[in-house]
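The values are calculated or read from the model by the stated rules, or taken from the named source; none is laboratory data. Quantities reported herein were computed from a predicted structural model and do not represent experimental measurements. Cβ atoms come from the backbone with ideal geometry, glycine included; neighbour counts cover every protein chain shown.
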């Protein structure tokens, strides 16, 4: 099952990269606001694999050159933990300069017997740093997240995001 999921993720990445239009860097327009839904595959430090979904909205602007893009915005994700029969929610701000970014905020773990509140911090790396999907960033993201839910319930996640950035009309 894990191999099938991995193959499906690679297939989605390949399809999205093939669909990209070939643009010259001088033709690029300012990016503006982007909404980006996606799927999450997570490995947690207790040998637990989880699936989820994320949506983010951010403003992407040129940074130092046409390949570096500064972005800031907010994210919300939901991760389903079938082993522990729990759902983890996280919401907060995000920012970065491609291919690197950070985010963090409130995390809520809701299980059958209790609800815990805490905080999370995540660093992520976008692969490849220049390239596909609407000309401003690939949909394939690797990340590490630290979650602190209670004094004895800290955990570490290593995850993969597949995202589909959808440019919105600029509000400027």
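When the residues of segment 40-54 are narrowed to those that are under 13 Å from residue 82 (Cα atoms) and buried (at least 20 other Cβ atoms within 10 Å of the Cβ), which ends up modelled with the lowest pLDDT? Selected residue: 44.
Can you go through 123, 61 and tell me which one is surrounded by fewer than 17 Cβ atoms within 10 Å (Cβ to Cβ) and modelled with pLDDT under 85? Let's see the steps before the verdict.
Numbers: 123 fails: modelled with pLDDT under 85.
Checking each option against the conditions leaves just 61.
Scanning segment 78-99 for residues that are assigned to a strand (DSSP E or B) and surrounded by fewer than 13 Cβ atoms within 10 Å (Cβ to Cβ) turns up just one, 97. In a residue-by-residue description of segment 67-77, the property of being in contact with a helix residue (DSSP H, G or I) (Cβ under 9 Å, 6 or more places away or on another chain) and either assigned to a strand (DSSP E or B) or modelled with pLDDT under 95 (or both) applies to at least one position.
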